[in-house]
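Written out below as structure tokens is the structure these notes cover.
The values are calculated or read from the model by the stated rules, or taken from the named source; none is laboratory data. Remember, it's a predicted structure, so these values are computed and weren't measured experimentally. All Cβ positions, glycine included, derive from the backbone under ideal geometry; neighbour counts span all protein chains shown.
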Amino acid sequence: MIVVCVGLRLWPQKRWKKIVLVFFLTLFVVVAALITLFVVVTLVVLPQINRDIVSGIDVMNSDGSKTALVVYQPGFTGFPRDVSYAFANGLASSGWKVEITTAGSQAPSNLSGYSLLVLGFPVYGGRPGDAIVRYVNRMSNLTGISTVIIALDGLNSPGESVDIMKQKVKALNGIFHESLALWIGNLSATDFARKAGSEIAP
């Protein structure tokens, strides 16, 4: 009973003071929630989605006349994988032999047997995912290989990350072929990627 009385005594009686107090209490809760979310994303989520994921190498159209290598970084959702596989299917339908894998330690870094390189990756904070950047950094020279960049974002336009990756490709003596910058909200993104792949002839 004493606690209740003390609590009521501390609560302001004037209406404007109540409004100010409620405003600052709400602001405190919102700021605390945002700080917590930032810490969780920074310390838990990003290290998980940017880690190297090792997978096997899937082969499509093994009788294709030339070989394309598709390397993608999985994301927080299945969007990067779905779009990368759709693009790979498009390449296979146009006559390419396609090898597709994740940007882990198993991904080929010697590209002498390939005629086309495709880099698919999620975009975080306007930049390419760390795993795909690490993969590209492991290569010493692209020796003129034609390269396609597929940047995939869930929140913003991924165009800036395309420019970042394009510079990396050119610095390694790769030839920039084309880019796709797709947003997860585009319900026809996989169809678009498949069509874009099918339009590249071996």
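For this structure, a couple of remarks:
- All conditions in (1) closer than 27 Å to SER62 by Cα; (2) aliphatic (A, V, I, L, M); (3) under 20 Å from the mean Cα position of the chain (by Cα); (4) surrounded by fewer than 24 Cβ atoms within 10 Å (Cβ to Cβ) hold for ILE145, with the sole exception of (3).
- Residue check for VAL169: more than 14 Å from SER84 (Cβ to Cβ) and touching a helix residue (DSSP H, G or I) at 6+ places or on another chain (Cβ under 6 Å): no
- When the stretch 1-41 is limited to residues that are of a type in the set (S, T, N, Q) and assigned to a helix (DSSP H, G or I), the one that is modelled with the lowest pLDDT turns out to be THR36.
- Residue match in the stretch 160-179 (condition: of a type outside the set (S, T, N, Q), within 26 Å of SER93 (Cα to Cα), in a helix (DSSP H, G or I) and in contact with a Gly (Cβ under 8 Å, 6 or more places away or on another chain)): no
- Leading residue by the ranking (surrounded by the most Cβ atoms within 10 Å (Cβ to Cβ)) among those in the stretch 119-142 that are charged (D, E, K, R) and within 12 Å of SER109 (Cα to Cα): ARG134
- Filter result for ASN156 (modelled with pLDDT under 90, touching a Gly at 6+ places or on another chain (Cβ under 8 Å) and either of a type outside the set (Asp, Glu) or over 18 Å from ILE184 (Cβ atoms) (or both)): yes
- Unmet criterion (only one of (1) in contact with a Pro (Cβ under 6 Å, 6 or more places away or on another chain); (2) among the small types (Gly, Ala, Ser); (3) without any contact (Cβ under 8 Å) to a residue 12 or more places away in the chain) for SER65: (3)
- Filtered residues of the stretch 61-100 (kept if in contact with a helix residue (DSSP H, G or I) (Cβ under 6 Å, 6 or more places away or on another chain), surrounded by 24 or more Cβ atoms within 10 Å (Cβ to Cβ), more than 23 Å from ARG127 (Cβ to Cβ) and of a type outside the set (Val, Ile, Thr)): ALA68, LEU91
- Taking first residues from the stretch 180-194 that are in the same structural domain as TYR72 (by TED's automatic domain parsing) and within 14 Å of ALA88 (Cβ to Cβ) and partners that are of a type outside the set (Val, Ile, Thr) and not in a strand (DSSP E or B), the Cβ contacts under 6 Å between residues at least 6 apart in sequence or on separate chains come to LEU180/ALA196; THR190/ASP82; THR190/ALA86; ALA193/ALA86; ALA193/PHE87; ARG194/ALA86; ARG194/ASN89; ARG194/GLY90.
- Taking the criterion of being of a type in the set (A, V, I, L, M, F, W, C) and either at pLDDT below 60 or loosely packed, with under 14 Cβ neighbours inside 10 Å (or both), the residues of the stretch 42-58 that qualify are LEU43, VAL44, VAL45, LEU46, VAL54.
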